[in-house]
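Take a look at the structure below.
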């Protein structure tokens, strides 16, 4: 994505994560699914339904899972590139249309999926919000060694991992595809403009995971794809009548 010439859409209000008790999600079950293949690692959510709503989304969307993509070094890892910059890691929070029975049905429907993405930027200090998640990585590696691919971890709120002020989240929006096979073009992407801090020490914990070939699980991102005449819009604006230009963008 290039920022020059982005179309500003005043219809893009902040997206909202809604739960009956979103601050008490840590009372619900969460399992970590360690994907030993080429597409990273994910947390499958199985607690009180969390609904993504607003931001001109055509429907309510139910949280399915969230996963990370990271690189072997700080200059690579994210699946989206912003003004030529690739970030060391990217978080994808994946949802499917709430009125549909499951993600298998949703992923083949137009606008069936909604993914909120967050870039990571290196920081001198550890991000204490990632302490609970990272504390389980030794167990995850042990499970992988035992030829299993899933383990239950101590529960914690999803919001612990996300930036503060989600009700005022600024983001870039475009219609795109899944970044893993079969790459259905049924995803509404919202990429947050605010980055999440993480230290090199914490990034190296992610990089310590191994895939099913006993190789480091790194660089698990899809190469950047041409936008193919799709339009990228944003709700980050100084004024609603910003001039619209037809510049080329690139995105996943």
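A few remarks follow.
- Of everything in region 179-191 that is within 14 Å of residue 105 (Cα to Cα) and modelled with pLDDT of 90 or more, the residue that is surrounded by the fewest Cβ atoms within 10 Å (Cβ to Cβ) is 185.
- The set of residues in region 212-223 that are part of a loop (DSSP other than H, G, I, E, B) and more than 17 Å from residue 186 (Cα to Cα) comprises 212, 213, 214, 215, 217, 218, 219, 220, 221, 223.
- Count of residues meeting criterion [outside any loop (DSSP other than H, G, I, E, B) and either closer than 18 Å to residue 78 by Cα or touching a helix residue (DSSP H, G or I) at 6+ places or on another chain (Cβ under 6 Å) (or both)] in region 224-234: 2
- Complete set of residues in region 74-93 that are in contact with a helix residue (DSSP H, G or I) (Cβ under 9 Å, 6 or more places away or on another chain) and either over 17 Å from residue 193 (Cβ atoms) or surrounded by fewer than 24 Cβ atoms within 10 Å (Cβ to Cβ) (or both): 74, 77, 88, 91
- Looking only at region 107-145, and only at residues there that are in contact with a strand residue (DSSP E or B) (Cβ under 8 Å, 6 or more places away or on another chain), over 25 Å from residue 173 (Cβ atoms) and modelled with pLDDT of 90 or more, the one that is surrounded by the fewest Cβ atoms within 10 Å (Cβ to Cβ): 124
- Any hit, region 151-162, residues being part of a strand (DSSP E or B) and either modelled with pLDDT of 90 or more or on the phi > 0 side of the Ramachandran plot (or both): no
The values are calculated or read from the model by the stated rules, or taken from the named source; none is laboratory data. All values reported here derive from a predicted model rather than from experimental measurement. With ideal geometry, Cβ positions are generated from the backbone for all residues, glycine too; neighbour counts draw on all protein chains shown.
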